[in-house]
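**Q** The following block contains the structure, expressed as structure tokens.
The values are calculated or read from the model by the stated rules, or taken from the named source; none is laboratory data. Not measured: the values here are computed from a predicted model. Please note: Cβ atoms are built from the backbone with ideal geometry, for glycine as well, and neighbour counts cover all protein chains shown. Protein only, heavy atoms only, side chains kept; ligands, DNA and RNA dropped before computing areas. Shrake-Rupley method; radii C 1.70, N 1.55, O 1.52, S 1.80 Å.
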Amino acid sequence: MTHAPLAAEFIRDKERTHWHDNTLWFVRSKRDKAARTLPEWELLRETAAQIKAHTMSRLADYLEQFEAQATKLGAVVHWAKDAAEHNEIVYGILRDHDVKKLVKSKSMFTEECHLNPYLERHGIEVVDTDLGERIVQLAQEPPSHIVLPAIHYKKEDVGALFHKHLGTDAGASDPGYLAEAARGHLRDRFMSADAGLTGVNFAIAETGGFVVCTNEGNADLGASLPKLHIACMGFEKLIPRVNDLSVFLRLLARSATGQPITTYSSHFHGPIAGGELHIVIVDNGRTRLLESDDFRRSLNCIRCGACMNTCPVYRRSGGHSYEATVPGPIGSILSPAGDAKKHASLPFACSLCGSCSDVCPVKIDIHHQLLTWRKEIAQRGLLPRSKTWSMKLVSRLFQSPRLYRAAGYLARRIMPHVPRFLLYNRFNAWGKQRELPEFPRDSFRDRFRKHQENRNGHGK
Ligand code: SF4
């Protein structure tokens with residue numbers, strides 16, 4: 001399905017749409033306040049953008065350096081070209097260690113690879129331990145936001161879900177009570193897990209270590225209670241030096257939720273005593289982006305979600321309407337890179353207001369890239385026929401002054417007399433929430449000419 005009908009489904013519930021819009025705007029406002037507390041904010045953004053651009057220009061070298069350093073620390077590094085290979089590698093490690101229960105933390109990347117259903121098909125119980133991710137997992141839904149996966153859920157919805165799955169009191173919606181119930185439920189899962197899997201926020205080439213940022217401390221538990229830790233990452237998570245980390249850590253949490261820093265920034269350097277650490281580094285279409293002058297900068301994304309929180313389309317259409325692991329503005333660049341045909345509608349789910357580019361902590365020119373995607377999709381012949389023909393017609397009209405004048409004349413004469421039901425009906429989606437302006441008697445050209453004649457007449 002394309003974005004528009006799924007968005008239409010979401011906005012059918014008007015109250016929820018307003019609530020979703022306001023909640024995300026609240027997060028965006030917190031981000032603004034947090035950014036303003038740092039006079040050097042713009043300098044930080046510029047520095048981050050330059051570090052990322054430099055890293056991408058020497059990515060192969062930094063990846064090799066990271067592998068060498070991580071191996072020295074005792075980790076095993078695996079390489080996967082796509083999601084399928086990634087899943088096979090992870091399953092292979094789990095099978096070799098006879099793992100039956102896996103706790104997962106902070107890994108939107110494994111969502112991209114659809115790891116959960118793959119492992120469950122192989123008889124492994126997977127539990128997402130981030131509260132938001134656990135909520136959507138219990139609801140058997142994908143996350144609708146990369147930082148706030150269950151942002152489309154009100155506390156009453158969570159109460160109903162926990163009552164059904166965790167046995168909490170019927171009708172309970174107190175966040176403290178629900179969080180406590182989730183904590184107890186997850187504690188059991190942590191204690192009985194055979195292995196822990198985490199994502200990676202930043203992997204450091206210089207040291208071979210990596211950092212995972214969470215607010216719940218679940219990555220620490222998942223990676224240190226069981227003896228086996230698997231960390232999965234797309235190769236763009238790399239940064240060159242430890243010193244670079246401070247730049248990104250200061251930007252990430254402020255951009256995401258307006259916090260000065262995430263509650264836990266957990267550093268991992270090799271396996272825990274007597275344990276094993278496996279790091280899986282995955283391409284999954286990223287090389288194609290890296291090779292593209294137009295879209296390479298989208299790989300700089302640190303997944304803060306700020307572009308989603310500010311996007312007027314995302315806020316009003318909900319994350320699920322994008323049908324992608326990464327929704328919103330940046331997702332509308334990344335998804336067509338993976339499957340342009342399936343996601344051809346996403347670059348058009350954008351008002352081109354540029355707010356996403358303004359808030360992006362690594363200065364990705366998001367709305368410019370979305371515009372480039374529109375051209376690309378048109379050139380690949382992936383536009384719906386109705387759009388192709390109407391655009392051709394409009395282009396023909398704009399190219400011919402005579403045709404343009406004639407069309408304007410006819411519209412001014414005819415449109416005011418057309419019965420309303422012919423203009424505003426189910427075939428005219430544009431007219432559902434808009435009124436046409438009043439049509440003037442004369443064209444701008446006529447009025448300008450008259451104005452000039454009057455002026456000249458007065459001048460005589
Ligand atoms: S594109 Fe920029 S604003 Fe959007 S999630 Fe990535 S880093 Fe954050």
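**Q** Would you check which residues across region 126-145 are of a type outside the set (Gly, Ala, Ser), farther than 18 Å from GLY199 by Cα and surrounded by fewer than 20 Cβ atoms within 10 Å (Cβ to Cβ) and list them? Steps first, please.
**A** Going residue by residue through region 126-145, those that are of a type outside the set (Gly, Ala, Ser) are 126-131, 133-138, 140-143, 145.
Applying the additional criterion that residues be farther than 18 Å from GLY199 by Cα yields 135, 138, 140-141.
The answer is LEU138, GLN140, GLU141.
**Q** Picking from LEU148, LEU161, which residue would you name as being surrounded by fewer than 22 Cβ atoms within 10 Å (Cβ to Cβ) and in a loop (DSSP other than H, G, I, E, B)?
**A** LEU148
**Q** Of GLN379, GLN369, which residue is of a type outside the set (Phe, Trp, Tyr), closer than 25 Å to CYS353 by Cβ and open to solvent by 70 Å² or more (accessible area, probe 1.4 Å)?
**A** GLN379
**Q** Let me ask something additional. If we keep just the residues of region 315-327 that are within 16 Å of the ligand (Cβ to nearest atom) and in contact (Cβ under 8 Å) with a residue 60 or more places away in the chain, which is surrounded by the most Cβ atoms within 10 Å (Cβ to Cβ)?
**A** Checked region 315-327; the qualifying residue surrounded by the most Cβ atoms within 10 Å (Cβ to Cβ) is PRO327.
**Q** Taking region 246-303 on its own, how many of its residues are open to solvent by 40 Å² or more (accessible area, probe 1.4 Å), under 30 Å from TRP25 (Cα atoms) and either in contact with a strand residue (DSSP E or B) (Cβ under 6 Å, 6 or more places away or on another chain) or assigned to a helix (DSSP H, G or I) (or both)?
**A** Number satisfying all stated conditions: 5.
**Q** Can you pull out the helices (runs of 4 or more DSSP H) entirely within region 337-427 that have at least 3 residues that are free of Cβ contacts under 8 Å to residues at least 12 places away in the same chain and closer than 30 Å to ARG447 by Cα?
**A** Output list reads 385-399, 401-414.
**Q** Oh, and also: Going through region 194-204 one residue at a time, which ones are among the aliphatic types (A, V, I, L, M) and either surrounded by fewer than 24 Cβ atoms within 10 Å (Cβ to Cβ) or in contact with a Ser or Thr (Cβ under 8 Å, 6 or more places away or on another chain) (or both)?
**A** Once the filter is applied, which keeps residues that are among the aliphatic types (A, V, I, L, M) and either surrounded by fewer than 24 Cβ atoms within 10 Å (Cβ to Cβ) or in contact with a Ser or Thr (Cβ under 8 Å, 6 or more places away or on another chain) (or both), region 194-204 yields LEU197, VAL200.
**Q** Next up: Please tell me if PRO361 is within 16 Å of the ligand (Cβ to nearest atom) and in contact with a Phe, Trp or Tyr (Cβ under 6 Å, 6 or more places away or on another chain).
**A** Answer is no for this residue.
**Q** Quick one: would you say ILE93 is open to solvent by 30 Å² or more (accessible area, probe 1.4 Å), within 21 Å of ASN284 (Cα to Cα) and not in a loop (DSSP other than H, G, I, E, B)?
**A** no
**Q** Let me ask you something else. Evaluate region 437-445: report whether one residue or more is part of a helix (DSSP H, G or I), open to solvent by 50 Å² or more (accessible area, probe 1.4 Å) and out of contact with any helix residue (DSSP H, G or I) (no Cβ under 6 Å at 6 or more places or on another chain).
**A** yes
**Q** Let me ask you something else. State yes or no: is SER332 within 30 Å of ALA378 (Cβ to Cβ), crowded, with 22+ Cβ neighbours inside 10 Å, more than 15 Å from the ligand (Cβ to nearest atom) and among the polar types (S, T, N, Q)?
**A** no
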